[in-house]
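The block underneath contains the structure these notes are about, expressed in structure tokens.
Please treat every number below as a calculation from the coordinates, not as lab data. Every value quoted in this text rests on a predicted model; they were computed, and no experiment measured them. In this analysis, Cβ positions are derived from the backbone assuming ideal geometry, glycine residues included, and neighbour counts consider all displayed protein chains.
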């Protein structure tokens, strides 16, 4: 029982972190990952940004199929269809480009903006 309570507590803490992280911060983190300079001296900030971008990207890749399945069960159409073999690096590039092209969305929550960016890039046909 204690493990379940701990899991629920950690889960809700992570939701809060994702909910309040802005797209602007995530764009900065993913830009650092995309333009990885392996030849330069690594820093703590670069490592944290890299980890943040990869972690959010993995979360999005795992969440999108679940979100689309819930939409189908609710009688709604799928709006986002990720291609087979898509990677965290691929979706991070889409995310950064989307926000460079649409800077007005930079202050919105990072996770929901990931879904919006991917929906525009990979709509279901």
>> Can you give the FRET efficiency to the nearest 0.05 for residue 115 and residue 41, using r as the Cβ-Cβ distance and R₀ = 30 Å?
In response: 0.25
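How much length is gained on full extension from residue 73 to residue 107, taking 0.36 nm per residue of separation minus their Cα-Cα distance? Mind dumping the intermediate values first?
Working: separation 34, 0.36 × 34 = 12.24 nm, distance 3.12 nm.
My answer for the length gained is 9.1 nm.
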> Using r as the Cβ-Cβ distance of residue 100 and residue 59, and R0 as 25 Å, what FRET efficiency do you calculate, to the nearest 0.05?
Replying inline: 0.70
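Is the shape of segment 22-121 rounded, prolate or oblate, going by the alpha carbon gyration tensor and its root eigenvalues a ≥ b ≥ c, with a/c under 1.5 for rounded and a/b larger than b/c for prolate? Don't jump to the answer; show the numbers that get you there.
Values: a/c = 2.38, a/b = 1.83, b/c = 1.30.
Judged from the Cα gyration tensor, segment 22-121 comes out prolate (a/c at least 1.5, a/b above b/c).
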